[in-house]
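Asks: Below you'll find the structure I mean.
The values are calculated or read from the model by the stated rules, or taken from the named source; none is laboratory data. For clarity, every value in this text was computed on a predicted model and none was experimentally measured. Cβ: placed from backbone, ideal geometry, glycine included. Neighbour counts: every protein chain shown. In case anyone asks, the SASA skips ligands and DNA or RNA and just uses the protein heavy atoms, side chains included. Shrake-Rupley method; radii C 1.70, N 1.55, O 1.52, S 1.80 Å.
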Amino acid sequence: MKRIAVFCVTFHSDVELEHYKASLQKAAEKAGDEVELDIFVSQNTEADNPGYFGGIRRAMLQTDVMAYDYAIISNVDLTVEEDFFVKLAAYDCAADTGWIAPQIWSAQEGRDRNPKIMNRYSLKTLKILKMIFRFPPIWALKRTISSRRKKGETHPAGEIYGGHGSFIILTKHYFDSCGVINYPVFLFCEEIWLAEQFRKAGLKVLYEPGLVVSDVEHASTGRMKLSHYCYLNELALDYIIRTFY
């Protein structure tokens, strides 16, 4: 039997949370005795909002994360396929695997959001991205072009640099090496920060398209003003560059 914990963050997204929890519980029921599922929810509010990974850390510190075979970090504007936990329980997870990146299907964009980052960014690329975020209309155009270019792309299962941050499956090996999530930035670039933890620890990030999650589309960040979205991304990139490059 695999013990699985789901740590998720909600911010004015209670309806999405209930749909998400229902899909998780239905998938756990289908897995039967192969899976024991616990769901931990961090309720972020205007008065108490530590951000995405800040909320995850708060939830993780309230339990013994090492008691689980897998710890899933996620948003709540998602659903999992009914056979998701059946497949995860049967997954042959090597000892050097720390992060399993599933297929995250976006019906809106008509594509899988994974693999998000195939190879480590160069310093030059990160500086260019940071500059683009200073001009929100240019970033919006870049995002549209990139989404259209990636539509219909497929990738085989295998090792990547980093997966998409909306649904992250961490193994016990990650917590053995790196401890509880402790990313000090409010939002964005969580995937790069995590990938750098794995690179330092010598653990692998594996893309596995057989594990399927559906994206219901940005329940929280989708409501954010573009200018603020870009500002927060610029701050996050600045931290990543200063810390790892």
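Asks: With a 1.4 Å probe and every protein chain kept in, tell me what percent of the accessible surface of region 163-231 is carbon plus sulfur.
Replies: 52
Asks: Still on this structure: Please sort by residue number the chymotrypsin sites (Phe, Trp or Tyr not before Pro) in region 184-213 whose DSSP state is loop and whose Cβ has at most 16 other Cβ atoms within 10 Å.
Replies: Taking region 184-213 and a limit of 16 other Cβ atoms within 10 Å, the loop chymotrypsin sites (Phe, Trp or Tyr not before Pro) found are Phe186.
Asks: Report the percentage of all Cα-Cα pairs in region 125-245 whose separation exceeds 18 Å, rounded to a whole percent.
Replies: 61
Asks: Then there's this: Give the peptides 25-34, 172-181, 80-89 in descending order of average Cβ contacts within 10 Å, highest first.
Replies: With the highest mean Cβ count within 10 Å placed first, the list reads 80-89, 172-181, 25-34.
Asks: Continuing with the same structure: At R0 = 25 Å, how high is the FRET efficiency between Ala47 and Lys21 if r is their beta carbon distance? Nearest 0.05 is fine.
Replies: FRET efficiency, Ala47 to Lys21: 0.55.
Asks: Shifting gears a bit: For region 118-193, count the residues as N, evaluate 2.2 N^0.38 Å, and divide the Cα radius of gyration by that value, please.
Replies: Here the answer is 1.34, to two decimals.
Asks: In nm, give the distance between the simple-model label positions of Lys200 and Arg143, each being 7 Å from the Cα along the Cα-to-Cβ direction.
Replies: Reported label-point gap for Lys200 and Arg143 is 2.9 nm.
Asks: Distance in nm between label sites at Ala94 and Leu123, each 7 Å beyond Cα in the beta-carbon direction?
Replies: 3.1
Asks: Quick one, what does Rg over Rh come out to for region 60-154 if you take C-alpha atoms and the Kirkwood Rh?
Replies: Radius of gyration over Kirkwood radius for region 60-154 works out to 1.03.
Asks: At a temperature of 10 °C and a viscosity of 1.306 mPa s, determine how fast the chain diffuses translationally according to Stokes-Einstein, using the Kirkwood radius over alpha-carbon pairs as Rh; express D in µm²/s, rounded to the nearest whole number.
Replies: 86
Asks: While we're looking at this one, here's another question. What net charge is computed for the residues neighbouring Gly158, neighbours being all others with C-beta under 11 Å from the C-beta of Gly158, Lys and Arg scored +1, Asp and Glu -1?
Replies: Around Gly158, the surrounding residues sum to -1.
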